[in-house]
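Structure first, then comments.
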Amino acid sequence: MLNGSVTFLRKPELSDAQFMLDIENDERYWHLSGNTSPYTLQDIEQFIDESSSNLEIDGQLRLVIIDIATKNRAGLLDIFEYDSLHKRAGIGIFVAEEFRGKGLAFDALNTLIQYLFKVMDLHQLWCNVLADNDSSTNLFLKAGFKQTCIKKEWIFYNNCYHDEALFQIINPYHSL
């Protein structure tokens, strides 16, 4: 478990399966995850059951964001495409609508960044954000990420192509 000031992050439990399923199967977000078909509850339970919750073993890690004030699940954080040779990983975050605008995303993201840089000693983190997604852009900029490029017409949804921005942050504590 990783503790922030208003959130804590923990590995998924079987009791989180329906929460995760509802997010994964919400077609409004499929263009962000690359998902093209729904999962079953059994798929999610199997993912939870088979995950070691160890980034180095699985090459990915999913964490549940818990709002400390309410003790409710507020969202999910994903670390993916972990590369141990180059010491980098991608990050994705999802915060449920009722928890947005309350500082939970920044607290959870900042907590995760500190862990990945100070404990896991990663050199860099990266994320992809739709170029017109101002709230996510602002979140990652506030967390110290820098926009490094725009991928033109990268994501297709709503019958048109959308630009996607790549953001990166380099570990300021990194020792070689």
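Things to note:
- Within the option set Gly75, Gly101, Gly90, being surrounded by fewer than 21 Cβ atoms within 10 Å (Cβ to Cβ), outside any loop (DSSP other than H, G, I, E, B) and out of contact with any Ser or Thr (no Cβ under 7 Å at 6 or more places or on another chain) holds for one residue only, Gly90.
- Subset of segment 1-25 (residues that are in a helix (DSSP H, G or I), under 20 Å from Glu97 (Cβ atoms) and either without any contact (Cβ under 8 Å) to a residue 12 or more places away in the chain or of a type in the set (S, T, N, Q) (or both)): Gln18, Asp22
Let's see how each residue does on (1) surrounded by 15 or more Cβ atoms within 10 Å (Cβ to Cβ); (2) farther than 16 Å from Phe94 by Cβ; (3) modelled with pLDDT of 95 or more:
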residue: Trp126; (1), (2), (3): yes, yes, yes
residue: Leu141; (1), (2), (3): no, yes, yes
residue: Lys146; (1), (2), (3): no, yes, yes
residue: Glu153; (1), (2), (3): no, yes, yes
residue: Phe156; (1), (2), (3): no, yes, no
residue: Leu166; (1), (2), (3): yes, yes, yes
residue: Ile169; (1), (2), (3): yes, yes, yes
residue: Tyr173; (1), (2), (3): no, yes, no
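- Filtering segment 46-79 to residues that are within 21 Å of Asp107 (Cβ to Cβ) and out of contact with any Leu (no Cβ under 8 Å at 6 or more places or on another chain) leaves Ile68, Ala69, Thr70, Lys71, Asn72, Arg73.
- For segment 34-67, a residue qualifies if it is part of a helix (DSSP H, G or I), of a type in the set (A, V, I, L, M) and either loosely packed, with under 12 Cβ neighbours inside 10 Å or in contact with a strand residue (DSSP E or B) (Cβ under 8 Å, 6 or more places away or on another chain) (or both), and the qualifying residues are Leu55, Ile57.
- Taken as a whole, the condition of being charged (D, E, K, R), loosely packed, with under 13 Cβ neighbours inside 10 Å and within 14 Å of the chain's Cα centre (by Cα) does not apply to Glu27.
- Scan of segment 104-158 for residues that are part of a helix (DSSP H, G or I), under 16 Å from the mean Cα position of the chain (by Cα) and not hydrophobic (A, V, I, L, M, F, W, C), ordered by number: Asp107, Asn110, Thr111, Gln114, Tyr115, Ser135, Ser136, Thr137, Asn138, Lys142
The values are calculated or read from the model by the stated rules, or taken from the named source; none is laboratory data. Bear in mind that the values here come from a model prediction, so they are computed numbers and not experimental data. Note that we place each Cβ from the backbone using ideal geometry, even for glycine, and neighbour counts take in every protein chain shown.
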